[in-house]
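Presented below is the structure to which this report refers.
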Amino acid sequence: MASDSRKVIVHLRATGDAPILKQAKFKIAGTDKFIKVIDFLRRQLHRETLFVYVNSAFSPNPDELVIDLYNNFGFDGKLVVNYACSMANAAVQDFCVADLKGPESPAGYSCKTATKVTVNDFVFSGLSAAGNTSNIIKASVTPAFAAQFPGLNGLGLSAARLDLAPSGVVPFHTHPGASEVLLVVQGSITAAFVSSANTVYLKTLKKGELMVFPQGLLHFQVNAAGYTSVAYVFFSSSSPGLQITDFALFANDLSTKLVEATTFLDEAQIKKLKGVLGGTG
């Protein structure tokens, strides 16, 4: 492959004829660098698949960069790549076990040296034990994300164990980076999510039942049994992210006056909630 760098401009779209989601300019020197850059951008946009328009002419004799990329075809005289993360990563290497000694970036962790990878990187036993529910929400979430389970890095999935003591609750929260599937394995759980049209989708789930929560939407879980309920949760990202609405509003130093103005709660209610959740202001 040619070693010289060249400047490219990429347009990222959800489908071939969709509006541009993002435009980026950068230099590339080979397929590996190109794939890493596009994967970084894909993760920022929380997309599994992107159409990538590159300002490189497509011709009967494309250079090696073009040859090495998946699903290439000409469109209006330009190179177009139907880029799917799993396929592109597979073109470079079989897996990318997280090197937890390095920092985590928006694109995940860097890869551990292949000779240091063992079967233990692909096995995680942390979900076998019950979590500690002795807290204000009477709930425990044990994560199996890339930071705990290095073999997940770059694969676009993760898991967790949810323990809910009697009256336990996971308050309204979102996962900005992933959709979620919840599987009840003990007890029963009332769960719901709210669409962007403010429609509530609510169901009490029994053992063996599943519910899906679309990416970024507010949702919650409440124990509906008189004993501990347990569920396993699966995400469409190795780092799904989490923001609990109550904590975002009342566990920080945002002034009571501003919270009052933006939530329609009165000052006494806000100060009570700040006191419970450790907020100030």
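The values are calculated or read from the model by the stated rules, or taken from the named source; none is laboratory data. These numbers come from a predicted model, not from an experiment. Positions of Cβ are generated from backbone atoms using ideal geometry, with glycine treated the same way; all protein chains shown enter the neighbour counts.
Before moving on, here are some points about what is shown:
- Qualifying residue in segment 167-180 (condition: on the phi < 0 side of the Ramachandran plot, among the aliphatic types (A, V, I, L, M) and surrounded by fewer than 17 Cβ atoms within 10 Å (Cβ to Cβ)): no
- Options S237, S229; residue that is touching a residue at least 12 places away in the same chain (Cβ under 8 Å), assigned by the TED database to the domain that holds L152, among the hydroxyl-bearing types (S, T, Y) and more than 12 Å from G168 (Cβ to Cβ): S237
- Residue within segment 221-244 that is hydrophobic (A, V, I, L, M, F, W, C) and more than 21 Å from A139 (Cα to Cα) present: no
- When residues of segment 99-108 are limited to those that are at pLDDT below 80 and of a type outside the set (G, A, S), the one farthest from the chain's Cα centre (by Cα): P103
- Residues being among the aliphatic types (A, V, I, L, M), assigned to a strand (DSSP E or B) and within 18 Å of T174 (Cβ to Cβ) - total across segment 190-210: 5
- Subset of segment 245-275 [surrounded by 13 or more Cβ atoms within 10 Å (Cβ to Cβ) and part of a loop (DSSP other than H, G, I, E, B)]: A251, N252, L254, L265
- When the test is whether a residue is in contact with a Phe, Trp or Tyr (Cβ under 9 Å, 6 or more places away or on another chain) and either surrounded by fewer than 17 Cβ atoms within 10 Å (Cβ to Cβ) or at positive phi (or both), L183 does not pass it.
- Among the residues making up segment 108-129, those that are surrounded by 14 or more Cβ atoms within 10 Å (Cβ to Cβ) and either over 21 Å from F234 (Cβ atoms) or in the same structural domain as V185 (by the TED database) (or both) are S110, C111, K112, V117.
- Some residue of segment 235-242 being part of a helix (DSSP H, G or I), under 22 Å from A191 (Cα atoms) and of a type outside the set (G, A, S): no
- Top-ranked residue of segment 197-244 - restricted to ones that are modelled with pLDDT of 95 or more and β-branched (V, I, T), ranked as surrounded by the fewest Cβ atoms within 10 Å (Cβ to Cβ): T199
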